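K.L.:
Here you go, one structure.
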Amino acid sequence: MTTPAFLPTPVGSPHFAYRDGTLHAEGVSVAHLAERLGTPLYVYSRAALRAAYGAYRDGIGARDVLVCYGMKANSNLAVLREFARMGAGFDIVSAGELQRVLAVGGDPGKVVFSGVGKQAAEMRLALEAGVKCFNVESVPELHRLSEVAHAMGKRAPVSLRVNPDVDPKTHPYISTGLKENKFGIAIEEAPAAYRTAAALPGIEVVGVDCHIGSQITETAPFLDALDKLLDLLDELAANGIQVEHLDLGGGLGIRYFDETALAPSDLLARVFERIDARGYGSRQIVLEPGRSLVGNAGLLVTRVEYLKPTEARNFLIVDAAMNDLIRPTLYEAYHGVLAVAPRTDAPARYDVVGPVCESGDWLAKDRELAVREGDYLAVESAGAYGMVMASNYNTRPRAAEVMVDGERYHVVRARETVEQLLALESTLG
Ligand code: LLP
(Lines give C-alpha, C1' and ligand atoms only; values in the text may rest on other atoms or scores of the structure.)
Protein backbone atom coordinates (compact mmCIF):
# COMPACT_ATOMS: atom_id res chain seq x y z
CA MET A 1 0.00 0.00 0.00
CA THR A 2 1.40 3.41 -0.91
CA THR A 3 1.20 6.31 1.48
CA PRO A 4 -0.46 9.56 0.48
CA ALA A 5 1.82 12.57 0.18
CA PHE A 6 -0.09 14.47 2.86
CA LEU A 7 -0.93 12.80 6.11
CA PRO A 8 -3.36 14.40 8.51
CA THR A 9 -1.95 15.91 11.69
CA PRO A 10 -3.37 14.43 14.85
CA VAL A 11 -4.88 17.05 17.10
CA GLY A 12 -3.80 17.82 20.63
CA SER A 13 -0.86 15.57 21.46
CA PRO A 14 2.49 14.90 19.78
CA HIS A 15 2.39 11.42 21.29
CA PHE A 16 -0.02 10.33 18.57
CA ALA A 17 1.73 10.72 15.22
CA TYR A 18 2.18 9.04 11.83
CA ARG A 19 5.31 6.98 11.36
CA ASP A 20 5.94 5.24 8.05
CA GLY A 21 2.46 6.23 6.97
CA THR A 22 0.64 4.64 9.85
CA LEU A 23 -0.65 6.10 13.11
CA HIS A 24 1.36 5.40 16.24
CA ALA A 25 0.72 5.92 19.91
CA GLU A 26 4.20 6.72 21.18
CA GLY A 27 6.31 3.83 19.81
CA VAL A 28 3.46 1.42 19.13
CA SER A 29 1.49 1.03 15.91
CA VAL A 30 -2.22 1.61 16.45
CA ALA A 31 -3.07 -0.94 13.75
CA HIS A 32 -1.00 -3.51 15.62
CA LEU A 33 -2.94 -2.80 18.82
CA ALA A 34 -6.25 -3.08 16.98
CA GLU A 35 -5.25 -6.39 15.44
CA ARG A 36 -3.95 -7.84 18.69
CA LEU A 37 -6.64 -6.55 21.03
CA GLY A 38 -9.67 -6.07 18.79
CA THR A 39 -11.92 -3.05 18.36
CA PRO A 40 -13.50 -0.85 19.59
CA LEU A 41 -10.42 -0.06 21.65
CA TYR A 42 -9.49 2.89 23.81
CA VAL A 43 -5.79 3.67 23.45
CA TYR A 44 -4.09 5.95 25.98
CA SER A 45 -0.59 7.39 25.96
CA ARG A 46 1.24 7.46 29.27
CA ALA A 47 3.60 10.17 28.00
CA ALA A 48 0.62 12.33 27.01
CA LEU A 49 -0.85 11.98 30.51
CA ARG A 50 2.46 12.97 32.02
CA ALA A 51 2.87 15.92 29.66
CA ALA A 52 -0.61 17.19 30.53
CA TYR A 53 0.15 17.02 34.24
CA GLY A 54 3.55 18.61 33.59
CA ALA A 55 1.83 21.63 32.02
CA TYR A 56 0.11 22.23 35.37
CA ARG A 57 3.33 21.68 37.30
CA ASP A 58 5.13 24.21 35.10
CA GLY A 59 2.44 26.79 35.76
CA ILE A 60 2.52 26.15 39.51
CA GLY A 61 6.25 26.59 40.04
CA ALA A 62 6.91 27.19 43.72
CA ARG A 63 3.36 28.30 44.57
CA ASP A 64 1.00 26.35 46.80
CA VAL A 65 -1.40 24.72 44.35
CA LEU A 66 -3.01 21.30 44.70
CA VAL A 67 -4.17 19.68 41.47
CA CYS A 68 -7.09 17.40 42.28
CA TYR A 69 -7.68 15.42 39.10
CA GLY A 70 -11.40 15.51 38.22
CA MET A 71 -11.45 11.75 37.88
CA LYS A 72 -14.95 11.55 36.46
CA ALA A 73 -13.26 12.30 33.12
CA ASN A 74 -11.43 8.97 33.11
CA SER A 75 -11.27 6.81 36.18
CA ASN A 76 -9.36 3.82 34.88
CA LEU A 77 -7.09 2.61 37.68
CA ALA A 78 -3.96 2.86 35.54
CA VAL A 79 -4.73 6.49 34.77
CA LEU A 80 -5.37 7.23 38.43
CA ARG A 81 -2.18 5.50 39.51
CA GLU A 82 -0.20 7.63 37.07
CA PHE A 83 -1.57 10.85 38.54
CA ALA A 84 -1.24 9.63 42.12
CA ARG A 85 2.43 8.86 41.49
CA MET A 86 2.98 12.36 40.15
CA GLY A 87 1.56 13.77 43.38
CA ALA A 88 -1.94 14.71 42.26
CA GLY A 89 -4.96 14.73 44.51
CA PHE A 90 -8.41 13.80 43.26
CA ASP A 91 -11.79 15.44 42.89
CA ILE A 92 -14.39 12.74 43.53
CA VAL A 93 -18.16 12.71 43.25
CA SER A 94 -19.08 9.34 44.74
CA ALA A 95 -18.00 6.70 47.22
CA GLY A 96 -17.14 4.54 44.23
CA GLU A 97 -14.62 7.10 43.03
CA LEU A 98 -13.14 7.26 46.54
CA GLN A 99 -12.70 3.50 46.48
CA ARG A 100 -10.83 3.81 43.20
CA VAL A 101 -8.48 6.40 44.71
CA LEU A 102 -7.81 4.14 47.69
CA ALA A 103 -7.30 1.15 45.37
CA VAL A 104 -4.38 2.87 43.64
CA GLY A 105 -2.82 4.09 46.87
CA GLY A 106 -3.90 7.73 46.35
CA ASP A 107 -3.65 10.04 49.35
CA PRO A 108 -7.13 10.66 50.82
CA GLY A 109 -5.70 13.81 52.41
CA LYS A 110 -5.57 15.22 48.88
CA VAL A 111 -9.15 14.33 47.98
CA VAL A 112 -11.96 16.84 47.60
CA PHE A 113 -15.49 15.45 47.53
CA SER A 114 -17.85 17.32 45.18
CA GLY A 115 -21.41 16.62 44.04
CA VAL A 116 -24.95 17.76 44.79
CA GLY A 117 -26.30 14.48 46.15
CA LYS A 118 -23.88 13.04 48.68
CA GLN A 119 -25.49 10.31 50.77
CA ALA A 120 -24.85 9.78 54.47
CA ALA A 121 -23.04 6.50 53.84
CA GLU A 122 -20.75 8.23 51.33
CA MET A 123 -20.05 10.98 53.85
CA ARG A 124 -19.12 8.38 56.48
CA LEU A 125 -16.72 6.61 54.13
CA ALA A 126 -15.06 9.88 53.20
CA LEU A 127 -14.76 10.95 56.84
CA GLU A 128 -13.26 7.60 57.77
CA ALA A 129 -10.76 7.86 54.92
CA GLY A 130 -9.88 11.40 55.99
CA VAL A 131 -10.55 13.44 52.87
CA LYS A 132 -9.17 16.96 52.61
CA CYS A 133 -12.49 18.63 52.05
CA PHE A 134 -16.19 18.26 51.27
CA ASN A 135 -17.36 20.72 48.63
CA VAL A 136 -20.86 21.25 49.99
CA GLU A 137 -23.48 22.31 47.50
CA SER A 138 -26.51 23.18 49.64
CA VAL A 139 -27.56 24.14 53.17
CA PRO A 140 -29.49 20.88 53.73
CA GLU A 141 -26.31 18.98 52.79
CA LEU A 142 -24.41 21.04 55.35
CA HIS A 143 -26.82 19.97 58.09
CA ARG A 144 -26.66 16.32 57.11
CA LEU A 145 -22.88 16.35 56.95
CA SER A 146 -22.66 17.99 60.37
CA GLU A 147 -24.92 15.31 61.87
CA VAL A 148 -22.97 12.47 60.29
CA ALA A 149 -19.60 13.87 61.36
CA HIS A 150 -20.78 14.76 64.86
CA ALA A 151 -22.09 11.22 65.39
CA MET A 152 -18.63 9.95 64.47
CA GLY A 153 -16.99 12.36 66.90
CA LYS A 154 -15.47 14.27 64.00
CA ARG A 155 -15.68 17.63 62.31
CA ALA A 156 -15.97 17.57 58.55
CA PRO A 157 -13.66 19.94 56.66
CA VAL A 158 -15.87 21.98 54.34
CA SER A 159 -15.79 24.38 51.42
CA LEU A 160 -19.04 25.76 50.20
CA ARG A 161 -19.40 25.48 46.46
CA VAL A 162 -20.71 28.85 45.47
CA ASN A 163 -22.38 29.60 42.22
CA PRO A 164 -20.81 32.84 41.01
CA ASP A 165 -23.29 33.26 38.13
CA VAL A 166 -20.74 33.74 35.37
CA ASP A 167 -21.18 32.55 31.82
CA PRO A 168 -18.38 30.16 30.89
CA LYS A 169 -19.33 30.48 27.20
CA THR A 170 -19.44 26.77 26.65
CA HIS A 171 -22.11 24.21 25.75
CA PRO A 172 -25.21 24.63 27.96
CA TYR A 173 -25.09 20.96 29.03
CA ILE A 174 -21.64 21.41 30.53
CA SER A 175 -21.94 24.91 31.96
CA THR A 176 -22.51 24.75 35.68
CA GLY A 177 -21.90 28.20 37.17
CA LEU A 178 -25.02 29.96 35.93
CA LYS A 179 -27.95 30.79 38.18
CA GLU A 180 -30.23 28.29 36.48
CA ASN A 181 -27.92 25.34 37.15
CA LYS A 182 -28.53 22.89 39.98
CA PHE A 183 -24.98 23.31 41.28
CA GLY A 184 -23.68 25.25 44.22
CA ILE A 185 -25.08 27.92 46.53
CA ALA A 186 -25.96 31.28 44.98
CA ILE A 187 -23.17 33.70 45.81
CA GLU A 188 -25.60 36.15 47.46
CA GLU A 189 -26.67 33.40 49.85
CA ALA A 190 -23.14 32.24 50.58
CA PRO A 191 -22.34 34.56 53.54
CA ALA A 192 -25.41 33.32 55.45
CA ALA A 193 -24.59 29.70 54.56
CA TYR A 194 -21.03 30.19 55.83
CA ARG A 195 -22.36 31.61 59.12
CA THR A 196 -24.56 28.52 59.44
CA ALA A 197 -21.57 26.28 58.66
CA ALA A 198 -19.35 28.01 61.21
CA ALA A 199 -21.97 27.45 63.92
CA LEU A 200 -22.56 23.72 63.24
CA PRO A 201 -20.84 21.31 65.62
CA GLY A 202 -19.75 18.81 62.98
CA ILE A 203 -18.35 21.31 60.47
CA GLU A 204 -15.03 23.02 60.11
CA VAL A 205 -14.87 25.69 57.43
CA VAL A 206 -11.65 25.33 55.45
CA GLY A 207 -12.26 26.72 51.99
CA VAL A 208 -14.37 28.23 49.28
CA ASP A 209 -15.09 26.47 46.01
CA CYS A 210 -16.58 27.04 42.59
CA HIS A 211 -16.70 25.22 39.28
CA ILE A 212 -18.25 27.16 36.45
CA GLY A 213 -18.29 24.67 33.61
CA SER A 214 -16.25 22.59 31.26
CA GLN A 215 -14.34 23.03 27.97
CA ILE A 216 -13.72 26.71 28.69
CA THR A 217 -11.16 28.21 26.34
CA GLU A 218 -10.90 31.74 27.73
CA THR A 219 -9.42 32.98 30.99
CA ALA A 220 -12.00 35.75 31.49
CA PRO A 221 -14.81 33.58 32.95
CA PHE A 222 -12.38 32.05 35.47
CA LEU A 223 -11.13 35.49 36.51
CA ASP A 224 -14.67 36.85 36.82
CA ALA A 225 -15.50 33.94 39.10
CA LEU A 226 -12.29 34.46 41.07
CA ASP A 227 -13.11 38.14 41.61
CA LYS A 228 -16.48 37.19 43.01
CA LEU A 229 -14.89 34.61 45.32
CA LEU A 230 -12.40 37.19 46.56
CA ASP A 231 -15.23 39.63 47.32
CA LEU A 232 -16.88 36.84 49.26
CA LEU A 233 -13.67 36.18 51.20
CA ASP A 234 -13.55 39.87 52.19
CA GLU A 235 -17.11 39.64 53.44
CA LEU A 236 -16.42 36.40 55.33
CA ALA A 237 -13.31 37.89 56.94
CA ALA A 238 -15.44 40.78 58.18
CA ASN A 239 -17.62 38.13 59.85
CA GLY A 240 -14.59 36.47 61.44
CA ILE A 241 -14.58 33.49 59.02
CA GLN A 242 -11.20 32.61 57.49
CA VAL A 243 -10.54 30.05 54.79
CA GLU A 244 -7.33 28.19 54.02
CA HIS A 245 -7.89 27.42 50.37
CA LEU A 246 -9.64 28.60 47.25
CA ASP A 247 -10.86 25.90 44.89
CA LEU A 248 -11.43 27.17 41.36
CA GLY A 249 -12.74 23.87 40.00
CA GLY A 250 -11.81 22.44 36.63
CA GLY A 251 -13.00 23.29 33.16
CA LEU A 252 -9.89 24.15 31.16
CA GLY A 253 -10.67 23.51 27.52
CA ILE A 254 -8.67 21.41 25.08
CA ARG A 255 -8.28 21.34 21.31
CA TYR A 256 -10.79 19.07 19.57
CA PHE A 257 -10.76 20.88 16.22
CA ASP A 258 -9.14 24.30 16.01
CA GLU A 259 -9.67 25.60 19.52
CA THR A 260 -6.73 27.03 21.38
CA ALA A 261 -6.39 25.00 24.53
CA LEU A 262 -6.31 27.07 27.69
CA ALA A 263 -2.74 26.76 29.01
CA PRO A 264 -2.67 26.14 32.77
CA SER A 265 0.37 28.42 33.09
CA ASP A 266 -1.51 31.35 31.51
CA LEU A 267 -4.48 30.91 33.77
CA LEU A 268 -2.41 30.37 36.90
CA ALA A 269 -0.22 33.43 36.27
CA ARG A 270 -3.37 35.59 36.18
CA VAL A 271 -4.80 33.88 39.25
CA PHE A 272 -1.61 34.47 41.27
CA GLU A 273 -1.60 38.13 40.20
CA ARG A 274 -5.12 38.65 41.45
CA ILE A 275 -4.88 36.81 44.73
CA ASP A 276 -1.61 38.60 45.51
CA ALA A 277 -3.13 41.99 44.67
CA ARG A 278 -6.11 41.28 46.91
CA GLY A 279 -4.00 40.11 49.85
CA TYR A 280 -4.87 36.40 49.57
CA GLY A 281 -1.53 35.29 48.13
CA SER A 282 -0.84 32.90 50.99
CA ARG A 283 -3.99 30.87 50.42
CA GLN A 284 -3.66 27.49 48.78
CA ILE A 285 -5.22 27.22 45.32
CA VAL A 286 -7.01 23.97 44.50
CA LEU A 287 -7.83 23.03 40.90
CA GLU A 288 -10.02 20.17 39.70
CA PRO A 289 -9.05 19.64 36.05
CA GLY A 290 -10.40 16.58 34.31
CA ARG A 291 -10.59 16.91 30.54
CA SER A 292 -7.35 18.89 30.17
CA LEU A 293 -5.37 16.10 31.87
CA VAL A 294 -6.69 13.21 29.82
CA GLY A 295 -8.75 14.33 26.83
CA ASN A 296 -6.01 14.40 24.26
CA ALA A 297 -4.19 11.44 25.80
CA GLY A 298 -6.68 8.98 24.33
CA LEU A 299 -8.05 7.66 21.04
CA LEU A 300 -10.99 5.40 20.32
CA VAL A 301 -9.98 2.95 17.61
CA THR A 302 -12.67 1.37 15.49
CA ARG A 303 -12.91 -0.79 12.36
CA VAL A 304 -14.84 0.03 9.24
CA GLU A 305 -17.54 -2.61 8.77
CA TYR A 306 -19.36 -1.28 5.71
CA LEU A 307 -19.32 1.59 3.25
CA LYS A 308 -22.93 2.51 2.59
CA PRO A 309 -23.49 5.16 -0.03
CA THR A 310 -27.08 6.40 -0.15
CA GLU A 311 -28.81 9.05 -2.17
CA ALA A 312 -28.68 11.57 0.66
CA ARG A 313 -25.42 10.75 2.41
CA ASN A 314 -22.51 8.34 2.47
CA PHE A 315 -22.28 6.32 5.64
CA LEU A 316 -19.24 4.64 7.08
CA ILE A 317 -20.56 2.01 9.42
CA VAL A 318 -17.96 1.26 12.07
CA ASP A 319 -17.85 -1.10 15.03
CA ALA A 320 -17.79 1.66 17.68
CA ALA A 321 -21.03 3.38 18.55
CA MET A 322 -22.78 5.90 20.76
CA ASN A 323 -22.58 3.43 23.63
CA ASP A 324 -18.77 3.64 23.41
CA LEU A 325 -18.51 7.40 22.93
CA ILE A 326 -21.67 9.38 23.57
CA ARG A 327 -20.23 12.89 23.30
CA PRO A 328 -20.98 13.46 19.60
CA THR A 329 -24.67 12.68 19.85
CA LEU A 330 -25.21 14.03 23.37
CA TYR A 331 -23.46 17.39 22.91
CA GLU A 332 -23.04 17.51 19.15
CA ALA A 333 -19.38 17.41 20.05
CA TYR A 334 -16.75 17.34 17.34
CA HIS A 335 -14.12 14.61 17.51
CA GLY A 336 -11.47 14.32 14.82
CA VAL A 337 -11.45 11.05 12.86
CA LEU A 338 -8.21 9.78 11.35
CA ALA A 339 -7.57 6.86 9.07
CA VAL A 340 -5.01 4.77 10.93
CA ALA A 341 -3.27 3.96 7.63
CA PRO A 342 -4.42 6.59 5.11
CA ARG A 343 -4.85 5.43 1.51
CA THR A 344 -4.13 7.12 -1.78
CA ASP A 345 -7.68 6.32 -3.01
CA ALA A 346 -9.86 9.30 -3.89
CA PRO A 347 -11.50 10.46 -0.65
CA ALA A 348 -15.24 10.79 -0.15
CA ARG A 349 -17.32 12.54 2.49
CA TYR A 350 -18.88 10.27 5.08
CA ASP A 351 -20.98 10.28 8.20
CA VAL A 352 -19.26 7.89 10.60
CA VAL A 353 -21.96 5.90 12.35
CA GLY A 354 -22.21 2.88 14.62
CA PRO A 355 -24.35 -0.26 14.59
CA VAL A 356 -26.74 0.85 17.36
CA CYS A 357 -30.40 1.10 16.41
CA GLU A 358 -30.79 4.85 16.81
CA SER A 359 -30.50 7.60 14.22
CA GLY A 360 -28.57 9.48 16.90
CA ASP A 361 -25.86 6.85 16.78
CA TRP A 362 -23.13 8.81 15.08
CA LEU A 363 -19.52 9.63 15.88
CA ALA A 364 -18.75 12.18 13.19
CA LYS A 365 -20.50 13.90 10.31
CA ASP A 366 -19.40 14.86 6.85
CA ARG A 367 -15.75 13.88 7.09
CA GLU A 368 -13.43 13.45 4.16
CA LEU A 369 -11.84 10.02 4.31
CA ALA A 370 -10.29 7.50 1.94
CA VAL A 371 -11.04 4.11 3.47
CA ARG A 372 -12.15 0.61 2.67
CA GLU A 373 -13.90 -2.15 4.58
CA GLY A 374 -11.71 -3.50 7.34
CA ASP A 375 -9.63 -0.32 7.71
CA TYR A 376 -9.12 1.16 11.14
CA LEU A 377 -10.12 4.67 12.17
CA ALA A 378 -9.02 6.58 15.25
CA VAL A 379 -11.51 8.91 16.91
CA GLU A 380 -9.42 11.61 18.53
CA SER A 381 -9.61 13.39 21.88
CA ALA A 382 -11.42 10.44 23.42
CA GLY A 383 -9.45 10.23 26.67
CA ALA A 384 -11.96 12.34 28.63
CA TYR A 385 -15.64 11.46 29.09
CA GLY A 386 -15.27 8.53 26.71
CA MET A 387 -15.06 5.15 28.39
CA VAL A 388 -16.50 6.52 31.66
CA MET A 389 -19.75 7.39 29.89
CA ALA A 390 -19.95 4.12 27.96
CA SER A 391 -22.99 1.89 28.36
CA ASN A 392 -24.09 -1.58 27.38
CA TYR A 393 -26.95 -0.40 25.18
CA ASN A 394 -27.83 -3.05 22.58
CA THR A 395 -25.99 -5.57 24.81
CA ARG A 396 -22.70 -4.33 23.52
CA PRO A 397 -19.84 -5.29 25.84
CA ARG A 398 -17.75 -2.25 26.68
CA ALA A 399 -14.48 -1.69 24.84
CA ALA A 400 -11.05 -2.70 26.12
CA GLU A 401 -8.60 -0.02 27.24
CA VAL A 402 -4.86 -0.12 26.63
CA MET A 403 -2.12 2.19 27.86
CA VAL A 404 0.95 2.64 25.70
CA ASP A 405 4.25 3.36 27.40
CA GLY A 406 7.06 3.95 24.94
CA GLU A 407 7.48 0.74 22.93
CA ARG A 408 5.30 -1.28 25.29
CA TYR A 409 1.63 -1.48 26.02
CA HIS A 410 -0.53 -2.75 28.87
CA VAL A 411 -4.18 -3.73 28.69
CA VAL A 412 -5.60 -1.67 31.55
CA ARG A 413 -9.17 -2.90 31.18
CA ALA A 414 -10.09 -6.14 29.52
CA ARG A 415 -12.87 -6.18 26.96
CA GLU A 416 -16.17 -7.06 28.59
CA THR A 417 -17.85 -10.29 27.63
CA VAL A 418 -21.54 -10.95 27.07
CA GLU A 419 -21.36 -13.58 29.85
CA GLN A 420 -20.34 -10.84 32.27
CA LEU A 421 -23.25 -8.70 31.15
CA LEU A 422 -25.75 -11.50 31.71
CA ALA A 423 -24.29 -12.63 35.01
CA LEU A 424 -26.11 -10.10 37.21
CA GLU A 425 -29.51 -10.88 35.75
CA SER A 426 -31.98 -13.67 36.43
CA THR A 427 -35.37 -14.81 35.26
CA LEU A 428 -38.37 -15.61 37.45
CA GLY A 429 -37.67 -19.33 37.12
N1 LLP B 1 -15.04 19.70 39.19
C2 LLP B 1 -16.37 19.57 39.17
C3 LLP B 1 -17.14 19.90 40.35
C4 LLP B 1 -17.00 19.13 37.99
O5 LLP B 1 -18.32 19.05 37.97
C6 LLP B 1 -16.22 18.81 36.85
C7 LLP B 1 -16.86 18.33 35.63
C8 LLP B 1 -14.83 18.94 36.94
C9 LLP B 1 -14.27 19.39 38.12
C10 LLP B 1 -13.91 18.62 35.78
O11 LLP B 1 -14.16 19.47 34.71
P12 LLP B 1 -13.21 19.42 33.41
O13 LLP B 1 -11.85 19.95 33.80
O14 LLP B 1 -13.16 18.03 32.95
O15 LLP B 1 -13.89 20.33 32.44
N16 LLP B 1 -19.41 14.91 30.10
C17 LLP B 1 -19.12 16.25 29.67
C18 LLP B 1 -18.35 17.03 30.72
C19 LLP B 1 -19.03 17.06 32.06
C20 LLP B 1 -18.24 17.81 33.08
C21 LLP B 1 -18.84 17.62 34.42
N22 LLP B 1 -18.10 18.23 35.48
C23 LLP B 1 -18.37 16.20 28.36
O24 LLP B 1 -18.15 15.11 27.85
O25 LLP B 1 -18.03 17.24 27.80
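K.L.:
Going by average Cβ density within 10 Å per residue, which order do the peptides 7-15, 357-365 take, highest to lowest? Could you put the intermediate results ahead of the total?
P.N.:
Values: 7-15: 18.3, 357-365: 16.0.
Final packing ranking: 7-15, 357-365.
K.L.:
Would you calculate, for the chain, the mean residue ellipticity at 222 nm contributed by helices, counting each DSSP H stretch of 4 or more residues as -39,500 (n - 2.57) and dividing by all residues, to the nearest 500? Don't skip to the answer; put the middle values down first.
P.N.:
Values: 12 runs with 122 residues, N = 429.
My calculation for the chain gives -8500 deg cm²/dmol from helical runs alone.
K.L.:
Further question: So for the chain: antiparallel DSSP bridges make up what percent, rounded to the nearest 5?
P.N.:
Values: 33 of 70 bridges.
If I count the DSSP bridges inside the chain, around 45 percent turn out antiparallel.
K.L.:
What is the sum of charges around residue 199, taking Lys and Arg as +1, Asp and Glu as -1, for the other residues whose C-beta is under 15 Å from the C-beta of residue 199? Working shown, then result.
P.N.:
On the way: positive: 155, 195; negative: 147, 204.
Taking every other residue near residue 199 into account, the sum is 0.
K.L.:
Between residue 392 and residue 263, what is the label-to-label distance in nm when each label sits 7 Å out along the Cα-to-Cβ direction?
P.N.:
4.6
K.L.:
How far is the Cα center of the range 359-415 from the Cα center of the range 195-269, in Å?
P.N.:
Spelled out, the Cα-based centre of one part sits 34 Å from the other.
K.L.:
In the range 251-359, what trypsin sites (Lys or Arg not before Pro) fall in a loop by DSSP, with at most 13 other Cβ atoms inside 10 Å? Kindly include the intermediate steps, with their values, before the conclusion.
P.N.:
On the way: sites: 255, 270, 274, 278, 283, 291, 303, 313, 343, 349; in loops: 255, 278, 283, 313, 343.
Answer in residue order: 313.
K.L.:
Based on DSSP, what percent of beta bridges with both residues in the range 101-234 are antiparallel, to the nearest 5? Walk me through the numbers on the way to the answer.
P.N.:
Values: 1 of 14 bridges.
In the range 101-234, approximately 5 percent of DSSP beta bridges are antiparallel ones.
K.L.:
OK, next. With a 1.4 Å probe and all protein chains left in place, how much of the accessible area of the chain comes from carbon and sulfur atoms, in whole percent? Before the final figure, lay out each step's value.
P.N.:
Values: 9000 of 18140 Å².
Carbon and sulfur together cover 50 percent of it.
K.L.:
Once you sort the root eigenvalues of the Cα gyration tensor of the range 307-429 as a ≥ b ≥ c, which label holds: rounded (a/c under 1.5), prolate (a/b larger than b/c) or oblate (the other case)?
P.N.:
Details: a/c = 2.02, a/b = 1.36, b/c = 1.48.
Oblate, since a/c reaches 1.5 and b/c is not below a/b.
K.L.:
Which FRET efficiency value, to the nearest 0.05, do you get for residue 220 and residue 313 by plugging their Cβ-Cβ distance into 1/(1 + (r/R0)^6) with R0 = 45 Å? List each step's numbers first, then the result.
P.N.:
Working: r = 39 Å, r/R0 = 0.87.
The value I calculate is 0.70.
K.L.:
Residue 86: net charge of surrounding residues, Cβ under 14 Å, Lys/Arg +1, Asp/Glu -1, itself excluded? Could the numbers behind the result be given before it?
P.N.:
Numbers: positive: 46, 50, 57, 81, 85, 110; negative: 58, 82, 107.
Taking every Cβ under 14 Å from that of residue 86, the sum is +3.
K.L.:
Please work out the C-alpha center-to-center distance from the range 309-327 to the range 57-87 and express it in whole Å.
P.N.:
Going from one Cα centre to the other spans 34 Å.
K.L.:
Please give the helix 120-129 orientation as an angle from the longest Cα principal axis of the chain, in degrees from 0 to 90, rounded to the nearest 10.
P.N.:
It is inclined by approximately 80 degrees.
K.L.:
Counting Lys +1, Arg +1, Asp -1, Glu -1, what net charge surrounds residue 251 among other residues with beta carbon under 9 Å of its beta carbon? All intermediate terms of the calculation are to be shown ahead of the outcome.
P.N.:
Working: positive: 291; negative: 288.
With Lys, Arg at +1 and Asp, Glu at -1, the net is 0.
K.L.:
What shape does the range 74-221 have by the C-alpha gyration tensor, where a ≥ b ≥ c are the square roots of the eigenvalues, rounded means a/c under 1.5, and otherwise prolate means a/b greater than b/c and oblate the rest? Kindly include the intermediate steps, with their values, before the conclusion.
P.N.:
On the way: a/c = 2.07, a/b = 1.04, b/c = 1.99.
Since a/c reaches 1.5 but b/c is at least a/b, the shape of the range 74-221 is classed as oblate.
K.L.:
Just the Cα atoms of the range 1-110, one point each, no solvent: what log10 I(q)/I(0) does Debye give at q = 0.13 Å⁻¹?
P.N.:
Scattering profile of the range 1-110, log10 relative to I(0): -0.63.
The values are calculated or read from the model by the stated rules, or taken from the named source; none is laboratory data. Here the structure is a predicted model, which means the values were calculated and not measured. When we count neighbours, we look across all protein chains shown, and the Cβ atoms used for this are built from the backbone with ideal geometry, even at glycine. Keep in mind that these areas ignore ligands, DNA and RNA; they rest on the heavy atoms of the full protein, side chains included. Shrake-Rupley method; radii C 1.70, N 1.55, O 1.52, S 1.80 Å.
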